[in-house]
Amino acid sequence: MGFDIRCTCGRCAISLRPAFPQLSLLCGCEDCRQALAWGAAQGGRSADPLPHLFYIRSDITKVKGLEFMQPVQLRGEAKSTRVYCTTCYAVLAVDHPGYQDHVFMFFKGHCDTSSDLTLKPSAAIYMNDYRDKSIPDIPADIPVLQSFQDPKDQKRFRALPAVSDSFRMPAEPAEGQSLRELIPNMQPLRVLNLAKGAAV
(Lines give C-alpha, C1' and ligand atoms only; values in the text may rest on other atoms or scores of the structure.)
Protein backbone atom coordinates (compact mmCIF):
# COMPACT_ATOMS: atom_id res chain seq x y z
CA MET A 1 0.00 0.00 0.00
CA GLY A 2 1.26 3.47 -0.86
CA PHE A 3 1.71 6.46 1.36
CA ASP A 4 -0.29 9.65 0.76
CA ILE A 5 0.06 13.18 2.05
CA ARG A 6 -3.05 15.27 1.34
CA CYS A 7 -4.15 18.84 1.91
CA THR A 8 -7.21 19.42 4.07
CA CYS A 9 -9.51 20.62 1.25
CA GLY A 10 -8.78 17.65 -1.03
CA ARG A 11 -7.29 19.55 -3.98
CA CYS A 12 -3.70 18.40 -3.48
CA ALA A 13 -2.10 15.05 -2.76
CA ILE A 14 1.35 13.50 -2.99
CA SER A 15 1.62 9.74 -3.31
CA LEU A 16 4.86 8.05 -2.39
CA ARG A 17 6.44 4.67 -2.78
CA PRO A 18 5.19 2.42 0.07
CA ALA A 19 7.10 3.47 3.16
CA PHE A 20 6.81 4.63 6.73
CA PRO A 21 8.29 7.82 8.18
CA GLN A 22 11.94 7.27 9.04
CA LEU A 23 12.38 9.96 11.66
CA SER A 24 10.23 11.99 14.04
CA LEU A 25 11.33 15.15 15.86
CA LEU A 26 9.81 17.91 17.97
CA CYS A 27 10.97 21.33 16.79
CA GLY A 28 11.01 24.56 18.77
CA CYS A 29 12.57 26.74 16.06
CA GLU A 30 11.04 30.14 15.40
CA ASP A 31 10.92 29.48 11.66
CA CYS A 32 8.70 26.39 11.87
CA ARG A 33 6.33 28.11 14.26
CA GLN A 34 6.27 31.29 12.17
CA ALA A 35 5.55 29.33 8.97
CA LEU A 36 2.66 27.47 10.61
CA ALA A 37 1.29 30.69 12.12
CA TRP A 38 1.40 32.33 8.67
CA GLY A 39 -0.50 29.39 7.16
CA ALA A 40 -3.09 29.59 9.95
CA ALA A 41 -3.53 33.32 9.30
CA GLN A 42 -4.38 32.48 5.66
CA GLY A 43 -7.04 29.96 6.77
CA GLY A 44 -4.97 26.87 7.58
CA ARG A 45 -5.03 24.83 10.76
CA SER A 46 -3.94 26.48 14.00
CA ALA A 47 -0.21 26.47 14.65
CA ASP A 48 1.16 23.99 17.16
CA PRO A 49 3.18 25.37 20.08
CA LEU A 50 5.78 22.65 19.49
CA PRO A 51 5.56 21.28 15.92
CA HIS A 52 5.90 17.53 15.45
CA LEU A 53 7.97 16.73 12.35
CA PHE A 54 8.06 13.53 10.31
CA TYR A 55 10.61 12.65 7.64
CA ILE A 56 9.80 10.35 4.71
CA ARG A 57 11.85 9.20 1.75
CA SER A 58 11.53 11.66 -1.15
CA ASP A 59 10.21 9.19 -3.74
CA ILE A 60 7.00 10.64 -5.21
CA THR A 61 5.10 8.39 -7.58
CA LYS A 62 1.94 10.43 -8.20
CA VAL A 63 0.77 14.03 -7.72
CA LYS A 64 -2.72 15.53 -7.63
CA GLY A 65 -3.39 19.27 -7.82
CA LEU A 66 0.09 20.46 -8.72
CA GLU A 67 -1.45 23.71 -9.93
CA PHE A 68 -2.65 24.41 -6.36
CA MET A 69 0.77 23.82 -4.76
CA GLN A 70 3.04 26.76 -4.01
CA PRO A 71 6.57 26.70 -2.61
CA VAL A 72 7.03 29.37 0.06
CA GLN A 73 10.09 30.73 1.86
CA LEU A 74 9.91 32.98 4.90
CA ARG A 75 12.76 35.24 3.76
CA GLY A 76 15.14 35.64 0.85
CA GLU A 77 18.00 33.95 2.72
CA ALA A 78 15.80 31.05 3.88
CA LYS A 79 17.02 27.49 3.45
CA SER A 80 13.69 25.72 4.01
CA THR A 81 11.08 25.67 1.25
CA ARG A 82 7.58 24.78 2.44
CA VAL A 83 4.90 23.61 0.01
CA TYR A 84 1.41 24.94 0.80
CA CYS A 85 -1.95 24.24 -0.81
CA THR A 86 -3.12 27.67 -2.01
CA THR A 87 -6.77 27.04 -1.10
CA CYS A 88 -6.60 25.55 2.43
CA TYR A 89 -3.00 26.43 3.35
CA ALA A 90 -2.15 22.95 4.52
CA VAL A 91 1.63 22.37 4.52
CA LEU A 92 2.23 19.31 2.36
CA ALA A 93 6.02 19.07 2.47
CA VAL A 94 9.25 20.85 3.41
CA ASP A 95 12.60 20.68 1.62
CA HIS A 96 15.94 21.76 3.09
CA PRO A 97 19.48 21.41 1.70
CA GLY A 98 20.41 19.37 4.78
CA TYR A 99 17.99 16.64 3.68
CA GLN A 100 20.27 16.06 0.66
CA ASP A 101 17.19 15.35 -1.48
CA HIS A 102 16.89 11.89 0.13
CA VAL A 103 13.96 12.77 2.41
CA PHE A 104 11.48 15.56 2.95
CA MET A 105 9.62 16.64 6.05
CA PHE A 106 5.97 17.22 6.86
CA PHE A 107 4.15 18.49 9.95
CA LYS A 108 1.78 16.25 11.89
CA GLY A 109 -1.64 17.89 12.04
CA HIS A 110 -1.00 20.37 9.21
CA CYS A 111 -1.85 17.95 6.40
CA ASP A 112 -3.69 14.63 6.21
CA THR A 113 -1.91 11.36 5.67
CA SER A 114 -2.59 7.65 5.27
CA SER A 115 0.46 6.68 7.32
CA ASP A 116 0.83 5.56 10.91
CA LEU A 117 2.33 8.51 12.80
CA THR A 118 2.99 6.77 16.09
CA LEU A 119 6.77 6.88 15.61
CA LYS A 120 8.25 8.29 18.81
CA PRO A 121 10.25 11.53 18.51
CA SER A 122 14.00 10.95 18.56
CA ALA A 123 14.72 14.42 19.99
CA ALA A 124 13.38 17.91 20.66
CA ILE A 125 15.49 20.39 18.70
CA TYR A 126 16.10 24.18 18.66
CA MET A 127 14.63 24.56 22.11
CA ASN A 128 16.73 27.70 22.71
CA ASP A 129 14.07 29.50 20.61
CA TYR A 130 11.68 29.05 23.56
CA ARG A 131 13.63 31.39 25.83
CA ASP A 132 11.42 33.69 27.89
CA LYS A 133 8.40 31.54 27.07
CA SER A 134 6.69 28.61 28.73
CA ILE A 135 8.14 25.41 27.30
CA PRO A 136 5.62 22.77 26.18
CA ASP A 137 5.75 19.34 27.81
CA ILE A 138 8.48 17.17 26.30
CA PRO A 139 8.74 13.44 27.06
CA ALA A 140 11.41 12.92 29.71
CA ASP A 141 13.08 10.09 27.79
CA ILE A 142 14.06 12.01 24.63
CA PRO A 143 17.12 14.27 24.24
CA VAL A 144 16.52 18.03 24.34
CA LEU A 145 18.91 19.91 22.04
CA GLN A 146 19.11 23.65 22.49
CA SER A 147 20.91 24.83 19.36
CA PHE A 148 22.89 23.42 16.45
CA GLN A 149 25.27 26.35 16.96
CA ASP A 150 26.49 24.29 19.92
CA PRO A 151 28.94 21.64 18.65
CA LYS A 152 27.90 19.28 21.47
CA ASP A 153 24.26 19.41 20.37
CA GLN A 154 25.28 18.88 16.74
CA LYS A 155 27.31 15.82 17.71
CA ARG A 156 24.48 14.40 19.86
CA PHE A 157 22.00 14.91 17.02
CA ARG A 158 24.15 13.26 14.37
CA ALA A 159 24.82 10.32 16.69
CA LEU A 160 21.12 9.45 16.95
CA PRO A 161 20.60 6.24 14.89
CA ALA A 162 17.31 7.43 13.38
CA VAL A 163 19.01 10.64 12.18
CA SER A 164 22.01 8.97 10.57
CA ASP A 165 19.77 6.32 8.98
CA SER A 166 17.33 8.89 7.57
CA PHE A 167 19.76 11.24 5.83
CA ARG A 168 22.13 8.73 4.24
CA MET A 169 21.90 7.76 0.56
CA PRO A 170 19.16 5.12 0.12
CA ALA A 171 20.34 1.67 -0.93
CA GLU A 172 17.68 1.36 -3.64
CA PRO A 173 17.14 3.97 -6.38
CA ALA A 174 13.96 6.05 -6.28
CA GLU A 175 11.06 4.95 -8.47
CA GLY A 176 9.54 8.42 -8.77
CA GLN A 177 10.49 12.09 -8.45
CA SER A 178 11.99 13.79 -5.46
CA LEU A 179 10.25 16.78 -3.89
CA ARG A 180 13.10 19.00 -5.05
CA GLU A 181 12.58 17.87 -8.65
CA LEU A 182 8.85 18.54 -8.36
CA ILE A 183 9.01 22.05 -6.87
CA PRO A 184 9.92 23.87 -10.14
CA ASN A 185 6.68 22.53 -11.69
CA MET A 186 4.51 24.13 -9.01
CA GLN A 187 3.32 27.72 -8.81
CA PRO A 188 6.21 30.22 -8.67
CA LEU A 189 8.17 30.47 -5.42
CA ARG A 190 6.70 33.00 -3.00
CA VAL A 191 9.07 34.78 -0.59
CA LEU A 192 7.16 36.28 2.34
CA ASN A 193 9.90 38.61 3.63
CA LEU A 194 8.72 38.19 7.22
CA ALA A 195 10.99 39.59 9.90
CA LYS A 196 12.72 36.79 11.76
CA GLY A 197 10.76 35.84 14.85
CA ALA A 198 8.01 38.40 14.16
CA ALA A 199 4.43 37.58 15.10
CA VAL A 200 2.19 36.88 12.10
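Across the stretch 124-134, the number of residues qualifying as in contact (Cβ under 8 Å) with a residue 40 or more places away in the chain and open to solvent by 20 Å² or more (accessible area, probe 1.4 Å) comes to 3. Of the listed requirements (1) buried (at least 19 other Cβ atoms within 10 Å of the Cβ); (2) among the charged types (D, E, K, R); (3) part of a helix (DSSP H, G or I), Glu67 misses just one: (1). Candidates in the stretch 87-123 are the residues that are of a type in the set (Val, Ile, Thr) and either in contact with a strand residue (DSSP E or B) (Cβ under 6 Å, 6 or more places away or on another chain) or surrounded by 16 or more Cβ atoms within 10 Å (Cβ to Cβ) (or both); of these, the one that is nearest to Arg45 (Cα to Cα) is Val91.
Yes/no per residue for (1) open to solvent by 100 Å² or more (accessible area, probe 1.4 Å); (2) at pLDDT below 90; (3) in contact with a Phe, Trp or Tyr (Cβ under 8 Å, 6 or more places away or on another chain); (4) not hydroxyl-bearing (Ser, Thr, Tyr):
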residue	(1), (2), (3), (4)
Ser147	no, no, yes, no
Lys152	yes, no, no, yes
Arg156	yes, no, no, yes
Ala159	no, no, no, yes
Arg168	yes, yes, no, yes
Glu172	yes, yes, no, yes
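Only residues that are in contact (Cβ under 8 Å) with a residue 60 or more places away in the chain, in contact with an Asp or Glu (Cβ under 7 Å, 6 or more places away or on another chain) and hydrophobic (A, V, I, L, M, F, W, C) were counted in the stretch 138-182, giving 2.
Are any residues in the stretch 5-43 over 15 Å from the mean Cα position of the chain (by Cα) and either within 12 Å of Leu92 (Cβ to Cβ) or of a type in the set (D, E, K, R) (or both), and if so, which ones? Thr8, Cys9, Arg11, Cys12, Ala13, Ser15, Leu16, Arg17, listed by residue number. In the set Asp153, Asp137, Asp129, Asp112, which member is acidic (Asp, Glu) and closer than 17 Å to Ala35 by Cβ? After ruling out the rest, the residue left standing is Asp129.
Of all the residues in the stretch 157-200, those that are in contact with a Lys or Arg (Cβ under 7 Å, 6 or more places away or on another chain) and among the polar types (S, T, N, Q) number 2. Taking each residue of the stretch 16-40 that is within 16 Å of Ser115 (Cα to Cα) and looking for partners that are in a helix (DSSP H, G or I) with beta-carbon atoms closer than 6 Å, six or more apart or interchain, yields Gln22/Ser166; Leu23/Ala162; Leu23/Ser166. When Arg82 is tested against (1) modelled with pLDDT of 95 or more; (2) not in a strand (DSSP E or B), only condition (2) is not met. Please work out which residue is most open to solvent (accessible area, probe 1.4 Å), limiting yourself to the stretch 70-86 and to residues that are β-branched (Val, Ile, Thr) and more than 24 Å from Thr118 (Cα to Cα). Looking at residues that are β-branched (Val, Ile, Thr) and more than 24 Å from Thr118 (Cα to Cα), I get Thr86.
Let's see how each residue does on (1) surrounded by fewer than 18 Cβ atoms within 10 Å (Cβ to Cβ); (2) not charged (D, E, K, R):
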{"site": "Arg6", "(1), (2)": "no, no"}
{"site": "Pro21", "(1), (2)": "no, yes"}
{"site": "Gln34", "(1), (2)": "no, yes"}
{"site": "Trp38", "(1), (2)": "no, yes"}
{"site": "Pro49", "(1), (2)": "yes, yes"}
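The values are calculated or read from the model by the stated rules, or taken from the named source; none is laboratory data. Just so it is clear, the model here is predicted, and its values are computed rather than measured. With ideal geometry, Cβ positions are generated from the backbone for all residues, glycine too; neighbour counts draw on all protein chains shown. Surface accessibility is based on the protein's heavy atoms, side chains included, excluding ligands, DNA and RNA. Shrake-Rupley method; radii C 1.70, N 1.55, O 1.52, S 1.80 Å.
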